[in-house]
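The values are calculated or read from the model by the stated rules, or taken from the named source; none is laboratory data. Since this is a predicted model, take the numbers as computed values, not measurements. We place every Cβ from the backbone using ideal geometry, glycine too, and count neighbours over all the protein chains shown. Calculation scope for accessible area: heavy atoms of the full protein, side chains included, ligands and nucleic acids excluded. Shrake-Rupley method; radii C 1.70, N 1.55, O 1.52, S 1.80 Å.
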Amino acid sequence: MAISNEVIFFSAFLVLILLLLFIDLGVFSKNSHVVSLKESTIWTIVWVSLSIGFYFFIRHYGDLIHGYKTIEEIQASIEKFKHPINIAGLTFDQALDVFNKNLSIQYLTGYIIEYSLSLDNVFVILLIFLSFNVPEKYYKRVLFWGILGAIVMRFIFIFSLSAIITKFAWVMYLFGLFLVFTAVKMLLDFLKKKETKIDVEHHPMVRLTKKFFPVHTRFEGEKFWIKKNGILYVTPLFIVLMVIEFSDLIFAVDSVPAIFAVTLDPYIVFFSNIFAIMGLRSLFFLVSHFFSKFFFLKVGLAALLGFIGLKMLTHDFIEITTNTSLIVISAILGISIIASLVHNRREA
């Protein structure tokens with residue numbers, strides 16, 4: 001049986017991502033250390049540049065993902081994934097150009113959504129580290145393995161959700177309602193100045209880990225496991241890793257459906273997700289230096305989720321193009337950042 005183009009492309013993509021991750025860990029992070037502002041800035045630029053580079057790749061070679069060779073195959077994909085484009089009367093090359101352009105805009109919009117929502121996840125991760133009193137020099141190692149686990153979970157979640165949406169289209173309405181609810185809750189939390197807290201002792205992942213593994217009482221360097229008297233113990237660092245994986249799973253329930261509002265192509269959803277996740281670690285160290293500066297970030301993210309939720313609820317009645325979505329989302333984020341800078345200046 002011939003291997004499909006999708007499997008080949010997807011496998012090559014995963015190999016590239018894993019190679020980049022292990023180069024980062026093995027070459028640039030051999031020793032645990034506190035990540036400086038300079039280092040986090042450089043790596044943030046690297047990952048954003050790679051993500052933008054992938055946008056240009058899809059713009060010119062996006063058809064390679066599915067391996068389309070005829071205009072009929074392109075039309076079938078447009079109907080299957082409900083792409084908002086019309087290729088009637090075009091030649092194959094013209095149709096390919098229109099299709100790739102649409103695909104690249106969907107990827108870029110999905111990437112911006114995921115990367116923006118990651119800012120909220122950054123705050124939660126920082127809170128987890130502080131709640132468990134994790135030494136700062138171990139942050140990078142925990143985030144490396146956390147991202148590796150997130151890639152696996154996103155793969156399962158995205159392609160499972162894609163199959164569900166394809167079979168039961170009404171699920172989009174449920175996710176739309178959920179995103180609107182999340183947006184309202186996020187806005188109310190901001191207005192009430194409600195603080196997010198991590199209950200170290202009663203967190204579900206802490207209790208679950210303690211139920212199945214003996215837990216060592218203190219950190220043992222960067223080790224997740226330690227063997228004493230013939231017994232294998234998990235260290236507190238391993239528990240922190242499990243709590244971060246759990247938080248990412250909860251976060252994915254918000255962010256992944258948001259990208260499905262932009263595109264129903266699971267490969268584009270996955271690629272935009274992975275590039276955003278890959279940049280999350282460097283973003284974490286960069287934003288942790290400036291997080292207090294983004295006063296209206298919560299409001300911006302609430303507005304973003306609200307817009308996407310409403311788009312999902314009205315997708316059968318109101319057609320909002322991908323370009324329009326990209327402009328609205330960029331405007332929301334831009335306004336929240338400018339408002340934060342103005343607020344900071346007034347406070348100063």
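The table for this structure:
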| quantity | calculated |
| --- | --- |
| Tally of residues being open to solvent by 40 Å² or more (accessible area, probe 1.4 Å) and of a type outside the set (D, E, K, R) across the range 315-337 | 13 |
| The lone exception for LYS293 - which of (1) over 30 Å from LYS140 (Cβ atoms); (2) more than 19 Å from the chain's Cα centre (by Cα); (3) not acidic (Asp, Glu) it fails | (1) |
| Residues within the range 83-103 that are within 14 Å of SER325 (Cβ to Cβ) and either part of a helix (DSSP H, G or I) or open to solvent by 40 Å² or more (accessible area, probe 1.4 Å) (or both), tallied | 2 |
| Residue check for PHE54: in contact with a Leu (Cβ under 9 Å, 6 or more places away or on another chain), more than 19 Å from THR324 (Cβ to Cβ) and not charged (D, E, K, R) | no |
| Exclusive hit being assigned to a loop (DSSP other than H, G, I, E, B) and either touching a Gly at 6+ places or on another chain (Cβ under 6 Å) or exposed (fewer than 13 other Cβ atoms within 10 Å of the Cβ) (or both), set LYS223, LYS193, LYS227, LYS211 | LYS193 |
